[in-house]
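> My questions all concern the structure below.
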Amino acid sequence: MPGFPRSGAVRARLVAAGALALGCAFVAVGFVGVDHYGRNYWLYRGFPPPRDPAYVTNPGTQEHIQVTSPALGGRMQDVYVYLPPGYADAPDGDSTSEIDPADEIARERDGDRV
């Protein structure tokens, strides 16, 4: 039969194309898995993501601040700070400190205790 070798060749091409598609899908899923693992490792350095303990009933807050530092060449750096529940409720209504960190370091260096 003259058509028989062609159908075998077509079948072989379909099997090869299917195997190639399956292999490409397997590699693509592997790349997605490696990407997720790499991003998680980069963010948490191999530790599990942080969570509040079970006994914490009130969630804390996340604050976004910008810090200017001479160590950074005077440029501003974005910083995200997690405040535990009730931490932002200072007695005077202001959660910022009046103490300059540079003065505190100088006092510790000179032996003065606050």
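> How do 68, 61 rank when sorted from fewest to most other Cβ atoms within 10 Å of their own Cβ? Please report the intermediate quantities before stating the final value.
Values: 68 10, 61 13.
The order, fewest Cβ neighbours first, is 68, 61.
> Report the extension gain between residue 16 and residue 78 in nm, rounded to one decimal, defined as 0.36 nm multiplied by the number of residues separating them, less their alpha carbon distance.
Contour length minus Cα-Cα distance gives 17.1 nm.
> For residue 9 and residue 52, what does the FRET efficiency come to when R0 = 41 Å and r is the distance between their Cβ atoms, rounded to the nearest 0.05? Let's see the in-between values first.
On the way: r = 64 Å, r/R0 = 1.55.
It comes out at approximately 0.05.
> What is the calculated FRET efficiency for residue 66 to residue 89, with r their C-beta to C-beta distance and R₀ = 22 Å, to the nearest 0.05?
Numbers: r = 23 Å, r/R0 = 1.04.
The formula returns an efficiency of 0.45 here.
None of the figures in this text is laboratory data; all of them are computed from the coordinates on show. Since we're looking at a predicted model, the values are computed, not measured. Cβ: placed from backbone, ideal geometry, glycine included. Neighbour counts: every protein chain shown.
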